[in-house]
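Q: Quick one: this structure, given as structure tokens, is what I'll be asking you about.
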Amino acid sequence: MLETLYLIAIIVEAMSGAIAAGKKQMDPFGILIIGTATAFGGGTLRDVVLDNHPLVWVEHPEYLLITTFAIVVTIFIRPLVRYLTEAFLVLDAIGLITFSIIGAQKTLELGHGYLVASIMAVFTGAFGGVLRDILCNQVPLVFRKELYGSISFLSAWLFFGLCMTSLSMHACILITLIAGFVIRMLAITMNLNLPTFNFDNKN
Amino acid sequence: MLETLYLIAIIVEAMSGAIAAGKKQMDPFGILIIGTATAFGGGTLRDVVLDNHPLVWVEHPEYLLITTFAIVVTIFIRPLVRYLTEAFLVLDAIGLITFSIIGAQKTLELGHGYLVASIMAVFTGAFGGVLRDILCNQVPLVFRKELYGSISFLSAWLFFGLCMTSLSMHACILITLIAGFVIRMLAITMNLNLPTFNFDNKN
Amino acid sequence: MLETLYLIAIIVEAMSGAIAAGKKQMDPFGILIIGTATAFGGGTLRDVVLDNHPLVWVEHPEYLLITTFAIVVTIFIRPLVRYLTEAFLVLDAIGLITFSIIGAQKTLELGHGYLVASIMAVFTGAFGGVLRDILCNQVPLVFRKELYGSISFLSAWLFFGLCMTSLSMHACILITLIAGFVIRMLAITMNLNLPTFNFDNKN
């Protein structure tokens, strides 16, 4: 199940990177690079930081072909992109939680503790988008909007909690996915954000 | 001694990252991430580049709790931040030299030469701030202001020179710290900058 | 031959980084850091991603002295820089193809396939410039201009194709260099760009 969800996640992330790059007037090559970096950047950062080699896309370059295909399709359907915003948000939410669970699980398997694993969930889930925004020269959105990174973090801890019960791994993954997805959808539809603070003036 | 100074250094760096992120209207989660990246980014870059695993914060996640606490405190005392600017600059100078000495020393212990060790001093001392500025989407300050990175570099070479004398390691660290600190304070109070050049027009 | 070309490549890249940093009003230390990062950033990213340690400049710090010298010279000759634009473009094109061939070849030697090797060609050839632009806080030029990254990619595949023939390695390198160089020069003189797309409005 995670395998299928992982494929959806990298495809959605690649498309979101391609759209962001396209809006910055990048050429197709730039769109390809940034889409690919968005899809694999989070996992790459996690594995470099944990010294977990070979990287996923180095070992399985076929994943690169899948995201490349998704990016090329995105370029061709770009007049339709605006009509797909809602579908994208749904798929992106699934991708976020999937990446978070995979990141947390891999880190635990490498023998690290829960705190490090929950940070790796955020790296895997949210840092593809951070990389996308850095490469497009804009302030990373995930630090400002709709609980994105915090949902990744919370999903990891929910997953750890469920793993301590007698539930099967499948059930743990499914419950985490559904709960994380619902919170993310609520955050978007209700436009929930964490508060921001005024560091310049008194408040 | 270095241990205590290291704790001060990561706390100060974390707070400086939190303040920068707060000024960019990031939410608490973004502030937490950027504060943490500022505290550990330089050492992480050094250890990734030198293939020195596990990383400090992966092996000692308790450091992450310390910086998280410092960041949360920063958010709560934000109306006071402006009054603490001078205290911050003093602590940040101590942090810069501490990080530089630690970075240089670790690199030598790994068997590398002085040139590489002095570069790692700069990575450790100054790149947390570079990462902070990249994540906040601004031109890295340390490349422009008050000898920041260059003091890190010079401190490393002073430290190497002292280590060749018959002084104890403690004395070497202390002298480097004091000398680096004094130069940094002079640079700030006298607004010393390295010259910048005009690459666009004749000069 | 590749050895000599590699030296030219890192010198040219270092100078291009120094010029970009100088235009951003960085101090000499910032110019030095960004010039060095431009020269070695692409290869460093490749080797970190492939877990190929020690890094080139960690093992051969003497290369750092060469680029430092080139950067210092750049600062001194800055009034002349504008008259050297064409010479720079020629040398930079040689550097791009050289880096690409070296990146591809090293990756194959590490046992990876062609797809990964061609991506590493792009990393090695073009990501020094990406890093330069991120550190200077501008949208990476190589994603937008004159086929830069795509020539790196195509050079790698041309090189792979030639290696399958009975040509000597020297001949393969030389042909790739000349072909890539000619395409790059044509792209510049004819102002060839890949098309960009409008993702915001219908088109």
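The values are calculated or read from the model by the stated rules, or taken from the named source; none is laboratory data. These numbers come from a predicted model, not from an experiment. Reconstructed Cβ throughout: ideal geometry from the backbone, glycine too, with neighbour counts over all protein chains shown.
Q: Can you run down the residue pairs with Cβ atoms below 7 Å, 6 or more apart or on separate chains, where the first is in region B:24-52 and of a type in the set (S, T, N, Q) and the partner is buried (at least 24 other Cβ atoms within 10 Å of the Cβ)?
A: That search, which allows pairs on different chains as well, returns B:Thr36/B:Ala14; B:Thr36/B:Thr67; B:Thr38/B:Glu13; B:Thr38/B:Ala14; B:Thr38/B:Gly17; B:Thr38/B:Gly128; B:Thr38/B:Gly129; B:Thr38/B:Arg132.
Q: Still on this structure, please answer the following. Among the residues of region B:145-175, count how many are among the aliphatic types (A, V, I, L, M), farther than 21 Å from C:Ala21 by Cα and either touching a strand residue (DSSP E or B) at 6+ places or on another chain (Cβ under 8 Å) or assigned to a loop (DSSP other than H, G, I, E, B) (or both). Give the derivation first.
A: Looking only at region B:145-175, we keep the residues that are among the aliphatic types (A, V, I, L, M), and these are B:147, B:151, B:154, B:156, B:158, B:162, B:164, B:167, B:169, B:171, B:173-175.
Filter once more, keeping what is farther than 21 Å from C:Ala21 by Cα: B:154, B:156, B:158, B:162, B:164, B:167, B:169, B:171, B:173-175.
With either touching a strand residue (DSSP E or B) at 6+ places or on another chain (Cβ under 8 Å) or assigned to a loop (DSSP other than H, G, I, E, B) (or both) added as a condition, the list becomes B:164, B:167.
Residues that pass the stated criteria total 2.
For every residue, the table says whether it meets (1) closer than 18 Å to B:Gly103 by Cα; (2) more than 16 Å from the chain's Cα centre (by Cα).
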{"position": "B:Gly129", "(1), (2)": "yes, no"}
{"position": "B:Arg132", "(1), (2)": "no, no"}
{"position": "B:Val139", "(1), (2)": "no, yes"}
{"position": "B:Ser150", "(1), (2)": "yes, no"}
{"position": "B:Ser168", "(1), (2)": "no, yes"}
{"position": "B:Ala171", "(1), (2)": "yes, yes"}
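Q: Next question, about the same structure. Considering each residue of region C:143-175, count those that are in contact with a helix residue (DSSP H, G or I) (Cβ under 7 Å, 6 or more places away or on another chain), in contact (Cβ under 8 Å) with a residue 24 or more places away in the chain and farther than 24 Å from A:Asp27 by Cβ, and give that number.
A: Within region C:143-175, the subset in contact with a helix residue (DSSP H, G or I) (Cβ under 7 Å, 6 or more places away or on another chain) is C:143-144, C:146-153, C:155-160, C:162-163, C:172-173, C:175.
Narrowing the set further to residues that are in contact (Cβ under 8 Å) with a residue 24 or more places away in the chain leaves C:144, C:146-153, C:155-157, C:159-160, C:173.
Restricting the remaining residues to those that are farther than 24 Å from A:Asp27 by Cβ gives C:173.
Looking only at that region, the number is 1.
Q: Could you grab me the full set of residues in region B:102-133 that are acidic (Asp, Glu) and either more than 10 Å from chain C (Cβ to nearest Cβ) or over 25 Å from B:Leu89 (Cβ atoms) (or both)?
A: Taking region B:102-133 as the starting set, the residues that turn out to be acidic (Asp, Glu) are B:109, B:133.
Matches in region B:102-133: B:Glu109 only.
Q: Right, another one. Name the single residue that is nearest to B:Glu109 (Cα to Cα) among those in region B:60-73 being more than 9 Å from chain A (Cβ to nearest Cβ) and of a type outside the set (A, V, I, L, M).
A: Filtering first and then ranking leaves B:His60.
Q: Which of the residues that make up region B:51-87 are under 21 Å from B:Gly103 (Cβ atoms) and in contact with a Pro (Cβ under 8 Å, 6 or more places away or on another chain)?
A: B:Asp51
Q: Being polar (S, T, N, Q), in contact with a Phe, Trp or Tyr (Cβ under 8 Å, 6 or more places away or on another chain) and touching a residue at least 12 places away in the same chain (Cβ under 8 Å), is that true of even one residue in region B:69-84? Walk me through it before giving the result.
A: As a first pass, look at region B:69-84 and keep what is polar (S, T, N, Q): B:74.
Next, only the ones that are in contact with a Phe, Trp or Tyr (Cβ under 8 Å, 6 or more places away or on another chain) stay: none.
No, because not a single residue in region B:69-84 is polar (S, T, N, Q), in contact with a Phe, Trp or Tyr (Cβ under 8 Å, 6 or more places away or on another chain) and touching a residue at least 12 places away in the same chain (Cβ under 8 Å).
Q: Something else now. Can you tell me which residues in region B:15-40 are over 18 Å from A:Ser150 (Cβ atoms) and away from chain A (no Cβ under 11 Å)? Give the steps one after another, and end with the answer.
A: Going through region B:15-40, the residues over 18 Å from A:Ser150 (Cβ atoms) turn out to be B:15-16, B:19-20, B:23, B:38-40.
B:Met15, B:Ser16, B:Thr38, B:Ala39, listed by residue number.
Q: Which one is nearest to the other protein chains (Cβ to nearest Cβ) among residues in region A:134-158 that are at pLDDT below 75, within 18 Å of A:Leu186 (Cβ to Cβ) and crowded, with 20+ Cβ neighbours inside 10 Å?
A: Among those residues, the one meeting the criterion is A:Val142.
Q: Among A:Leu2, A:Leu50, A:Leu32, which is the only one that is closer than 21 Å to C:Phe123 by Cα and of a type in the set (A, V, I, L, M, F, W, C)? Give the derivation first.
A: Numbers: A:Leu2 fails: closer than 21 Å to C:Phe123 by Cα; A:Leu50 fails: closer than 21 Å to C:Phe123 by Cα.
Within the list A:Leu2, A:Leu50, A:Leu32, the selection yields A:Leu32.
Q: Now, a different point. Being part of a helix (DSSP H, G or I) and closer than 14 Å to A:Asp92 by Cα is the requirement here; does A:Val142 meet it? Please lay out each step first, then the result.
A: Working: part of a helix (DSSP H, G or I): yes; closer than 14 Å to A:Asp92 by Cα: yes.
So A:Val142 fits the description; yes.
Q: Next question, about the same structure. Where residues in region B:64-109 are among the hydroxyl-bearing types (Ser, Thr, Tyr) and surrounded by 20 or more Cβ atoms within 10 Å (Cβ to Cβ), which of them is nearest to B:Phe123 (Cα to Cα)?
A: Step one: filter region B:64-109 for residues among the hydroxyl-bearing types (Ser, Thr, Tyr), giving B:67-68, B:74, B:83, B:85, B:98, B:100, B:107.
Remaining after also requiring surrounded by 20 or more Cβ atoms within 10 Å (Cβ to Cβ): B:67, B:74, B:98, B:100, B:107.
Working: B:Thr67: 20, B:Thr74: 25, B:Thr98: 12, B:Ser100: 8, B:Thr107: 11 Å.
Within region B:64-109, the match that is nearest to B:Phe123 (Cα to Cα) is B:Ser100.
Q: Oh, and also: Could you list all residues from region B:123-142 that are in contact with a Lys or Arg (Cβ under 7 Å, 6 or more places away or on another chain) and under 19 Å from C:Pro28 (Cα atoms)?
A: Matches in region B:123-142: B:Phe123, B:Val139.
Q: Still on this structure, please answer the following. Cβ-Cβ below 6 Å, separation at least six or inter-chain, first residue in region C:129-142 and at positive phi and touching a residue at least 60 places away in the same chain (Cβ under 8 Å), second surrounded by fewer than 21 Cβ atoms within 10 Å (Cβ to Cβ) and of a type outside the set (Lys, Arg): which pairs?
A: C:Asn137/B:Val139
Q: Please verify whether region A:166-174 includes one or more residues that are surrounded by fewer than 19 Cβ atoms within 10 Å (Cβ to Cβ), farther than 24 Å from B:Gly35 by Cα and β-branched (Val, Ile, Thr).
A: Of the residues in region A:166-174, the ones surrounded by fewer than 19 Cβ atoms within 10 Å (Cβ to Cβ) are A:166-171, A:174.
Okay, now just the ones that are also farther than 24 Å from B:Gly35 by Cα, so A:166-171, A:174.
Remaining after also requiring β-branched (Val, Ile, Thr): none.
Looking for residues that are surrounded by fewer than 19 Cβ atoms within 10 Å (Cβ to Cβ), farther than 24 Å from B:Gly35 by Cα and β-branched (Val, Ile, Thr), one finds none in region A:166-174, hence no.
Q: In this structure, does A:Ala18 turn out to be closer than 22 Å to A:Gln138 by Cα and in contact with a Ser or Thr (Cβ under 8 Å, 6 or more places away or on another chain)?
A: Details: closer than 22 Å to A:Gln138 by Cα: yes; in contact with a Ser or Thr (Cβ under 8 Å, 6 or more places away or on another chain): yes.
The answer is yes for A:Ala18.
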